[in-house]
Amino acid sequence: MATAAFAPTRATPSPGRPATVGTQDRDLLVAARTAFFSDARWTGFADDRPTGRPPEELARLLEAEYGLRPRAVPPGDGLGVGREDAAVAGLRRAARLGVPLTPEALLAHHDGGPWLRAVLTELWPETVRWHGHRHAEEALRATLTAILTASPGAPATGHLLDLAAATGLAPLTPSETDFAAHHADRAVRHSAWRYLHQLPGGAAHLPRPAAAADVYERLLLEPPKPALEPGRGGRAGRLVAQTMLLGGLDTPGQGMSGGLAVLLGGLGDQLAETAGIAGVITIVTAGHEDLAADGRLAHERRAGHWVVRLPLDTPGAPDPTQMHLHRAALTWWAVRLLGGMPRPLDVLHVRYADDGSLALADAAERLGAATVFTATPDPHRGLAERHTASDRGDPRASRALRHDLHRVFVADRLVERADTVVGIPGRGGTRELVRHFPHLTRLAGGDGPSAPPEGITPYRPAPDEDARRRAGLADLYRDGARPDALDPEDRELPLLLSVGRLHPVKQQDLLVRAWLATGGHRTSTLVLIGGSPRAGTEAETDMRRRIDTLLADCPQASRRLALLPALPNADVRRLQRALAGRPRPASCWYVCPSAKEEFGIAILEAMEAGLPVAGPRRGGVAHYVRDGANGILLDTSGHTGLARGLRRLMAVPDADRHRYAAAGRDLVADRFSVTRMADELAAEYTALQRH
């Protein structure tokens, strides 16, 4: 599917005198990638860098993956890393260079760990195309036969059957698959069921739906055909799908669902009314609990905007670090549900660098749809810094490093496979994005991809808007003894408001700590909105525990801090307006303490409501918040920087605060409407053709 514009540059020296790329860039990852994606000779990491000796594990992994070493997969650990890491590095390099490995070379790694299986999965379709279905099918059969002889219960059986299903191969007959279809391991038997569904006569070898252990298995054994009719009524234009596989579309602020839910909900509604768009599908996921509560796999959210729910074999929302386990299932369900529509899908837009996005890119390719990828500098930005500071002896840190490097690889694959790449701008437009994706310099004369502005939907007041605003403020100040309310006596104090899901990257605990350290609890109140209203995720529970621990050391502050569960978007925006309209001295600031924000929809909504805002310097917020002009940029890299920012914020004169608020409101009205976003994306979509 990829166009020539996104083919990777072969990372070997050009004839003649090659350029040399060493450690000019202080970021180890950037230095390695800059060398790899240019015709340069990389000298590796010097020990006399200004920032000190590179972290040994990260440096070795980067040299294994990006260094100019002999091609193909090293036979051992001669790169200073273990055999598994060396194999992963070699296969990733082969993928980036477009080296077509043989089926046997890939299948030699069938019993590897998760990152090895993930890159094997990514390379397999191209290997089948290069070497032919018959060769690949014979190699798969030989590997499966060897497994059945030596270890019939091996989990690798499921992965190999997934490879077969992904490329339309039939290495085992239905009868030979019986053992896997009744396997004790859920993953193995589910892979076998998906495989049998595609084989002639395979359905007869499936267990009866009554034998299913739960609702997910019943759906998998007897997949329904939902009444999905996007683009009905003869509306001309492209049928577009957008993905949000982490979190719920209608529950922003809960679990993994944040600003993206608000963005895609409003964008899908607007796109459905935009010229050139026949209909919109937002693709989400549904675990066991979601399916038990609502068995629908598709429904119409608004006229022309449909929601499709892909079943996942998880109790609730998927763990972002475990998405590679669900890739085959997500692709299978997407092809089954979207492929059964009355009219074909034209465009699929993915926005997150993980295996879920690769799964949907696989589905788009099988359905003949074009693919759009929104590239961001995540997790590239700060990767080296994060893992330099980590404990090398901590196995969790080691796993986190490998997960981040895997996501960098996934992002490269999505760029390579996309028909169009768009970006989210940072402080320097898309220059930072190009720094992390050197192969994007081919676009727009070196400036990188286009960056359609993100936007927010217009706020629509309720018929009884004034009464609702008064009731909202009364509810907020009803009782300082409650954890979700403030003391009525503190109505006249300045207030700091922060909205977002409870998660370590959002750093609500850091904000509370800085608020206490600066004495803010003596002169102001703090309101946090986010988190599930009932039993939350592990991250939500941990964040609440951290905040409680901080307040335990300063009990007098608890009456001036309110932690509210996530509210519907309309209620949040109404409260923001109510707070913005209060007279002095009861001023209000919106504060975003996140370690990073790729864009910051909640910040834009606060600006549109008339609140002065303060947000992180790192990330996309600095693209539109101008420090000292329409808001304040904060150093959120640690407690000290954030505390310094809070002191500065509370010292801003009233006149400047009002100036920031007015400038912010004007900026959003001028540049960040969902209508403009929909128009620019529609232009991108209509320029694409089905494959």
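The values are calculated or read from the model by the stated rules, or taken from the named source; none is laboratory data. No experiment lies behind these values; they were computed from the predicted model shown. So basically every Cβ, Gly included, is an ideal-geometry build from the backbone, and we count neighbours across all protein chains shown. Note: accessible area is taken over every heavy atom of the protein model, side chains too, but ligands, DNA and RNA are not part of it. Shrake-Rupley method; radii C 1.70, N 1.55, O 1.52, S 1.80 Å.
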Practice task
Heads up, I need the accessible area for Asp635: 1.4 angstrom probe, whole protein in place, Å², nearest 10.
Solution key: 50
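Please list Arg582, Arg386, Arg129 from largest to smallest accessible area, probe radius 1.4 Å, with all protein chains kept in place.
On the way: Arg582 40, Arg386 100, Arg129 140 Å².
Descending accessible area places them as Arg129, Arg386, Arg582.
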Exercise for the section: For region 314-376, go through all pairs of different Cα atoms, get the mean of 1/r, take its inverse, and jot down that Kirkwood value in Å. Expected result: 12.2
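Write out the GluC sites (Glu not before Pro) in region 462-544 meeting two conditions: DSSP loop, and at most 14 other Cβ atoms within 10 Å of their Cβ.
Glu492
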Exercise for the section: Using Rg and Dmax of the Cα atoms in Å as the read-out, say which of (1) 26.2, 79; (2) 25.0, 78; (3) 29.8, 98 was calculated from these coordinates. Expected result: (1)
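Taking every pair of distinct Cα atoms and averaging 1/r, then inverting, what Kirkwood hydrodynamic radius in Å comes out for region 546-598?
Working: mean 1/r = 0.0725 Å⁻¹.
Kirkwood hydrodynamic radius for region 546-598: 13.8 Å.
Show that you can apply the helix-only estimate: for the chain, add -39,500 (n - 2.57) for every DSSP H stretch of four or more residues, divide by all residues, and state [θ] at 222 nm to the nearest 500.
Working: 26 runs with 295 residues, N = 691.
Computed mean residue ellipticity for the chain: -13000 deg cm²/dmol.
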Completion exercise
The distance between the Cα centres of region 448-482 and region 101-140, in whole Å, is 51
Exercise for the section: Note down the accessible area of Thr34, probe 1.4 Å, to the nearest 10 Å². Expected result: 50
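Antiparallel versus total DSSP beta bridges in the chain: what percent is that, nearest 5? Intermediate results must be reported in sequence, preceding the final value.
Working: 5 of 53 bridges.
Bridges in the chain that DSSP calls antiparallel: roughly 10 percent.
Might you report the magnitude of the Cβ-based charge dipole of region 191-337 about its Cα centre, with Lys and Arg at +1 and Asp and Glu at -1, to the nearest 20 debye? All intermediate terms of the calculation are to be shown ahead of the outcome.
Details: 13 positive and 13 negative charges, 106 e Å.
The dipole magnitude comes to about 500 debye.
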Problem - Per residue, in Å², the accessible surface of region 615-691 once ligands and nucleic acids are set aside, probe 1.4 Å - result: 45
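Accessible area per residue, 1.4 Å probe, Å², for region 543-598: what's the number?
Details: 2320 Å² over 56 residues.
So region 543-598 comes to 42 Å² accessible per residue, rounded to a whole number.
Want the number for Tyr459 to Asp553: 0.36 nm per residue separation, take away the alpha-carbon distance, what's left? Don't skip to the answer; put the middle values down first.
Working: separation 94, 0.36 × 94 = 33.84 nm, distance 4.00 nm.
That works out to 29.8 nm of additional length.
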Fill in the blank from the handout: Unit-weight point scatterers at every alpha-carbon of region 183-282, Debye formula, q = 0.13 1/Å: log10 I(q)/I(0) is -0.74
Completion exercise
Subtracting the Cα-Cα distance of Ser398 and Glu538 from 0.36 nm times their residue separation yields 48.3 nm
Practice task
Please name which of Pro174, Ala105, Ser151 has its Cα lying farthest along the dipole of the chain towards the positive end, using unit charges on Cβ (Lys, Arg +1; Asp, Glu -1) and the Cα centre as origin.
Solution key: Ala105
Exercise for the section: Can you bin region 210-347 into rounded, prolate or oblate? Criterion: square roots of the alpha carbon gyration tensor eigenvalues sorted a ≥ b ≥ c, rounded for a/c under 1.5, prolate for a/b above b/c, oblate for the rest. Expected result: oblate
Practice task
Heads up, I need the accessible area for Trp115: 1.4 angstrom probe, whole protein in place, Å², nearest 10.
Solution key: 40
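Starting from the Cα gyration tensor of region 477-579, take the square roots of the eigenvalues, sort them a ≥ b ≥ c, and report rounded, prolate or oblate (rounded when a/c is under 1.5, otherwise prolate if a/b is larger than b/c, else oblate).
Values: a/c = 1.61, a/b = 1.09, b/c = 1.48.
Because a/c hits 1.5 or more and a/b fails to exceed b/c, region 477-579 counts as oblate.
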Handout entry: Two-site label geometry, Glu176 and Asp111: point separation in nm, points 7 Å out along Cα→Cβ
Key = 2.0
Completion exercise
With the convex hull built on the alpha-carbon atoms of region 298-414, volume per residue in Å³ sits at 125
Problem - Helix 327-338 axis, angle to the chain major axis (alpha carbon atoms, nearest 10°) - result: 80
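What's the carbon and sulfur percent of the chain's accessible surface, probe 1.4 angstrom, rounded to a whole number? Spell out each step's value before the answer.
Numbers: 14320 of 27720 Å².
The nonpolar share, carbon plus sulfur, comes to 52 percent.
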Handout entry: Equivalent ellipsoid dimensions for region 103-151 as semi-axes, Å, which come from the Cα gyration tensor, largest first
Key = 18, 16, 6
Completion exercise
Projected area averaged over all directions for the convex hull of the alpha carbon atoms of region 521-659, nm², comes out at 8.8
Practice task
With a point put 7 Å past each Cα toward its Cβ, work out how far Arg442 is from His658 in nm, to one decimal.
Solution key: 5.5
Completion exercise
Of His182, His521, His131, ordered by accessible area with the largest first and a 1.4 Å probe, the sequence is His182, His131, His521
Problem - Listed peptides 366-374, 263-271 by packing density, highest first (mean Cβ within 10 Å) - result: 263-271, 366-374
Handout entry: Segment Lys225-Arg690, extension gain: residue separation times 0.36 nm, minus the distance between their alpha carbons
Key = 165.0 nm
